[in-house]
Each structure stands twice: as structure tokens, then as C-alpha cells.
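In what follows, a structure is listed as C-alpha cells, so that the remarks can point back to it.
Please treat every number below as a calculation from the coordinates, not as lab data. Everything numeric here is computed off the predicted structure, so don't read it as measured data. Methodologically, a virtual Cβ is constructed for each residue, glycine included, from the backbone with ideal geometry; neighbour enumeration extends over all protein chains shown.
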Amino acid sequence: MTTTLQMSPQLEQIHGETRDNFRAIANGFQKLDKIKDSNRQSKQLEELTEKMRECKRLIKEFDREIKDEEGRNPPEVNKQLNDEKQSMIKELNSYVALRKTYMNTLGNKKVELFDMGAGASEPTAQQNVQLASELSNQELINAGTKTMDETDQAIERSKQVVHQTIEVGTQTATTLKGQTEQMGRIVNELDSIQFSIKKASQLVKEIGRQVATDKCIMLFLLLIVCGVIAIIVVKIVNPKNKDIRDIPGLAPPAPSRRLLYVRTGKHFD
């Protein structure tokens, strides 16, 4: 069947790996019959269990690839691929049942098969053995499909959480960038205000010095004017005082003059 079955390269790789594991499992059970030591038998069963887990994973991948390629393949090819998948499930179930027989013989109940995780709500190893050995092929297919759908949904939810986290991080980075720029502008404005305050302080000091200088000049001029006025008053009141010099530009007071009349003969007539 493998020679005439049409498969894509991906399906051929998965199918080949599954068949290789089946051959290794068959050889392992043949060696198990020759082992007499119970510890070595338990170890051999654990190795076979790992290969069965790998086969289960590969069958799931095989089923997923069949669904992805279903629209591109003819109906007869899809039917052949599904038949091959069921054949591999049956072969895996036969190995699971054989392993269960060896476990009962050895009395080893602690080796896990098809471990789906350590959660309290997940099936135990013994339940997985019963599911793998007692359920029909269609039920196994439905259970595997349901598990894969739940896994896909969990992956989608994880993607949404990651996407939302990226969006929140981007918005936070944008907000922080805007706040940083705003803080920079505020610092620049504070520097400008401080510079303006310094300039204003210097200007006030200069104006204060100019006002003080102007007051001194006005006081000095006032003293000069008062002195000049005092000198003028003294000169007017006591013009004979020689201790005070004449003020330039100010004429001394005119002396009192007497009019002399020349008496002529006419006046005596």
C-alpha cells in the first residue's frame, strides 16, 4: 500500500517516521521475550512506551496534514490516506494491548502510557491504556480530533494574549515617550524662565543704581542752587561785604547817586 499511496513530501516524512517507530516497537517486544530480569523488562517497557508516545504524536500530525491537504487532493486519495491513518491507529492499539499484557504479567502498574500532562483533571495512565485499547477506531479519531481542536484553541488564545500584550506595551512606550518629551519641554521652559529672572534682576539693579545716581546729581544741583540763592540774598542785604565775591554774570547793586545842579546866574534872578 505504501508503494501506491500518493502523499506529499511532508506526509511521506511523517508516514516513514511512524513506520520506523512501529518496526522498532516490534523488535523491542521480540527482545522483551528474551529478557528474564524483571528490572530490565521494566526498562525495556519504558523505552517502548516512549516510542508509542512518539507514534501517537506522529499520527496526530499525519491527521492534521491530511485535513490541510483535503481540498487539494482527489476524493480517492483522501480515502486512501484516511485508511492508512486508521491502519496505523489499529497497529498502535495492538502494541498498546500487548504492552498492557506484559504490564499485568510483570505486575508493574507505575509505567505511564500516553501521558497527557500532570494536571489533576487529565486522564491517568491506566485510563489512557483503556482508552487506547477498548475504544473503536472512530472514537479514537474523534477523541484525537477533539484534543487537537482544544490545543488549537489554546494556541489561538495564547496568540491573542501575546498580541494584546504587544499592543499594551506599544501604547505604554508611546505614552512614556510623549511624557518624556513633555518633561523636556518643561525643563527648557524652566531654564528660560530662570534666565529671564536673572536678566530682570540685573536690570532692576542697574535701574536702582541709575536712580541713586540721578538723586545724587539732583541733590548736588539743589545744593548749588541754594548756595547761589544764599549768595545773592547776602549781596543784596549787605552789598559792602567784601568777603563774598561777586557772582559772575550778576551786576553789583548800583550805588546811590546824588544829583548836583549847577546853579547859574539865571537861577538866581
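May I ask you to evaluate 6.51 cos²θ - 1.76 cosθ + 1.60, the Karplus curve with θ = phi - 60°, for each residue of segment 90-95 and list the ³J(HN,Hα) values in order in whole Hz, giving x for glycine and proline?
Listing the rounded values in order: 4, 5, 5, 4, 5, 5 Hz.
Using only Cα atoms, locate the centre of segment 17-88 and the centre of segment 168-222, then give the distance between them in Å, rounded to an integer.
If we compute the Cα centre of each part, the gap is 82 Å.
For segment 168-175, take each phi angle, set θ = phi - 60°, evaluate the Karplus expression 6.51 cos²θ - 1.76 cosθ + 1.60, and give the result in whole Hz per residue in order, putting x for glycine and proline.
Calculated HN-Hα couplings, in order: 4, x, 5, 4, 5, 5, 5, 5 Hz.
³J(HN,Hα) across segment 44-59 via Karplus (A = 6.51, B = -1.76, C = 1.60, θ = phi - 60°), whole Hz, x for Gly/Pro?
Whole-Hz 3J(HN,Hα) from phi for segment 44-59: 5, 5, 5, 5, 5, 4, 4, 5, 5, 4, 5, 5, 4, 5, 5, 5.
Given the pairs LYS43/LYS85; LYS43/LYS100; LYS60/LYS159; LYS31/LYS100, which are separated by over 24 angstrom at their Cα positions?
LYS43/LYS85
Modelled label-to-label distance, ILE229 and ASP37, 7 Å Cα→beta-carbon offset: nm?
Each label point lies 7 Å from its Cα, and together they span 13.5 nm.
In segment 31-89, what trypsin sites (Lys or Arg not before Pro) fall in a loop by DSSP, with at most 15 other Cβ atoms inside 10 Å?
LYS36, ARG72
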